[in-house]
Ligand SMILES: Cc1cc2nc3c(=O)[nH]c(=O)nc-3n(C[C@H](O)[C@H](O)[C@H](O)COP(=O)(O)O)c2cc1C
């Protein structure tokens, strides 16, 4: 089957994250964001694509900070309440019935009930006509203790990361499962040594 070029997320499952911010006037905001990716190992940068008309983008420009909340499949029911367009004066924690998780390094709170939280500062914006690519620096990364082990291996059965694919009809939610495959990073290098392990505190 040949798909229209814009149907990339039809064949590419994307994570469903929730970005929480606070406006300059103190109003709390939440929005689901799926067009998101880390910028290379071992950097601490993360980037996401945002349409221009998002309160999230306005808040990030004004306050310079945001939290990327990683949700489990049990938070599927929070997607639409936070995705509905609402005015900048609306507190979306209240609308969605979500509780805030105070952040440590920034004022914007995270969301209770997620399995991981990235407290971020705004680094740079690549602005186009109708959208921006936003780059953030992860200042603090916290993961729920029962979702990860000492080697930082995420238990995907416990975390059940919320993902989605897009079809002609809309969004289909899913999660991930392990194949039990494993390779050390060093396996990619002819020397058998991972050069990045020297520069990161893994
Ligand atoms: C699963 C899902 C993923 C989304 N991903 C993005 C995204 O990556 N970028 C974006 O600009 N909007 C995305 N949206 C749309 C915004 O979440 C939505 O427009 C929201 O109302 C924006 O809220 P805000 O104006 O409070 O920031 C997504 C919506 C859903 C349901």
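General observations
- Considering segment 66-83, and only residues there that are over 19 Å from residue 36 (Cβ atoms) and away from the ligand (no atom under 11 Å from the Cβ), the residue that is surrounded by the fewest Cβ atoms within 10 Å (Cβ to Cβ) turns out to be 77.
- Residues in segment 12-52 that are without any contact (Cβ under 8 Å) to a residue 24 or more places away in the chain, over 23 Å from residue 128 (Cα atoms) and not in a loop (DSSP other than H, G, I, E, B): there are none.
- Segment 129-146, subset closer than 13 Å to residue 57 by Cα and surrounded by fewer than 16 Cβ atoms within 10 Å (Cβ to Cβ), residue modelled with the highest pLDDT: 133
Per-residue answers, yes or no, for (1) within 14 Å of the ligand (Cβ to nearest atom); (2) over 18 Å from the mean Cα position of the chain (by Cα); (3) within 19 Å of residue 61 (Cβ to Cβ):
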| position | (1), (2), (3) |
| --- | --- |
| 85 | yes, yes, yes |
| 89 | yes, yes, yes |
| 98 | yes, no, no |
| 106 | no, no, yes |
| 110 | no, no, no |
| 116 | no, no, no |
| 119 | no, no, yes |
| 122 | no, no, yes |
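- Residues located in segment 11-29, provided they are more than 7 Å from the ligand (Cβ to nearest atom) and surrounded by 15 or more Cβ atoms within 10 Å (Cβ to Cβ): 13, 14, 15, 17, 18, 19, 20, 21, 22, 23, 27, 28
- Whichever residue in segment 147-166 is surrounded by fewer than 18 Cβ atoms within 10 Å (Cβ to Cβ) and within 16 Å of the ligand (Cβ to nearest atom) and, among such residues, is farthest from the chain's Cα centre (by Cα): 165
- Residue 41 being over 16 Å from residue 161 (Cβ atoms) and at pLDDT 95 or above: no
- Condition met for residue 103 (modelled with pLDDT of 95 or more, out of contact with any helix residue (DSSP H, G or I) (no Cβ under 9 Å at 6 or more places or on another chain) and surrounded by fewer than 17 Cβ atoms within 10 Å (Cβ to Cβ)): no
- When residue 41 is tested against the conditions (1) surrounded by fewer than 17 Cβ atoms within 10 Å (Cβ to Cβ); (2) within 24 Å of residue 142 (Cα to Cα); (3) over 17 Å from the mean Cα position of the chain (by Cα), the lone failure is (3).
- Here residue 60 fulfils each of the conditions (1) farther than 22 Å from residue 113 by Cα; (2) touching a helix residue (DSSP H, G or I) at 6+ places or on another chain (Cβ under 6 Å); (3) surrounded by 22 or more Cβ atoms within 10 Å (Cβ to Cβ) apart from (2).
The values are calculated or read from the model by the stated rules, or taken from the named source; none is laboratory data. In this text the structure is predicted, and so the values were computed from the model without any measurement. Neighbour counts run over all protein chains shown; Cβ positions are idealised from the backbone, glycine included.
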